[in-house]
Amino acid sequence: MRFVLTFLALFVALQAAWSLAQGTALHRGVVEVATVGAAVSAINLLTPQVRAAASGARIQAAGGGLNVLAGCEGTEVLFLLAAAVLAHRSSWRLRAAGLLGAVGLAFVLNQARILALFY
């Protein structure tokens with residue numbers, strides 16, 4: 001029961017903090033740089049003839065584009081994983097390693113999803 005309550009409290013706190021960050025430089029950095037910018041780099045690496053470009057929260061290309069709307073940046077999955085890792089009873093060293101892995105996993109999965117939607 002302790003794990004469940006801790007997990008829920010952490011998840012709600014992370015979601016609330018992210019809601020407060022809407023419109024800030026942190027939010028723009030996550031959406032425009034880490035999400036859209038990384039996706040554009042991957043698209044141009046995989047298919048340079050597409051010549052994708054980032055424009056705020058939008059990926060633009062000659063044949064169309066993709067808007068990365070609120071909720072599409074992958075933070076919910078990251079917050080779920082982070083809350084689970086942090087709520088788990090283990091050493092802080094293992095939790096830190098798990099958190100690092102969770103961030104990497106959430107980023108890679110979200111980028112794969114965005115690339116699939118773009119193509």
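In a simple Cβ point-charge model (Lys, Arg +1; Asp, Glu -1; nothing else charged), the chain has a dipole of about 280 debye relative to its Cα centre. Calculated mean residue ellipticity, 222 nm, the chain: -19500 deg cm²/dmol, from DSSP H runs (n ≥ 4) at -39500 (n - 2.57) each, averaged per residue and rounded to 500. Residues of segment 54-84 falling in the label zone of L100, defined by backbone nitrogen less than 18 Å from a point 7 Å along Cα to beta-carbon, are 82-83. With all protein chains kept in place, the per residue accessible area of segment 14-65 amounts to 56 square angstrom at a probe of 1.4 angstrom. Here the relative contact order of the chain, from alpha carbon pairs under 8 Å that lie six or more residues apart, stands at 28 percent. Remark on the chain: hydrodynamic radius 15.5 angstrom, per the Kirkwood mean of 1/r across alpha carbon pairs. Between helix 75-87 and the chain, what is the angle of the helix's C-alpha long axis to the longest principal axis, kept within 0 to 90° and rounded to the nearest 10? Long axis of 75-87 versus the principal axis of the chain: about 20 degrees. Extending 7 Å from the Cα toward the beta-carbon at both N44 and S19 defines two label points whose distance is 3.7 nm. When the charge dipole of the chain is built from unit charges on Cβ atoms (+1 for Lys and Arg, -1 for Asp and Glu) and taken about the Cα centre, the candidate among I114, T47, L10 whose Cα reaches farthest toward its positive end is L10. Atom-type composition of the exposed protein surface of the chain places 71 percent of the accessible area on carbon and sulfur (1.4 angstrom probe).
On the beta carbon distance between F3 and A53, with R0 = 41 Å, the FRET formula returns roughly 0.35.
The values are calculated or read from the model by the stated rules, or taken from the named source; none is laboratory data. Values in this document were obtained by computation on a predicted structure and should not be read as measured data. Backbone-built Cβ (ideal geometry, glycine too); neighbour counts: all protein chains shown. Surface accessibility is based on the protein's heavy atoms, side chains included, excluding ligands, DNA and RNA. Shrake-Rupley method; radii C 1.70, N 1.55, O 1.52, S 1.80 Å.
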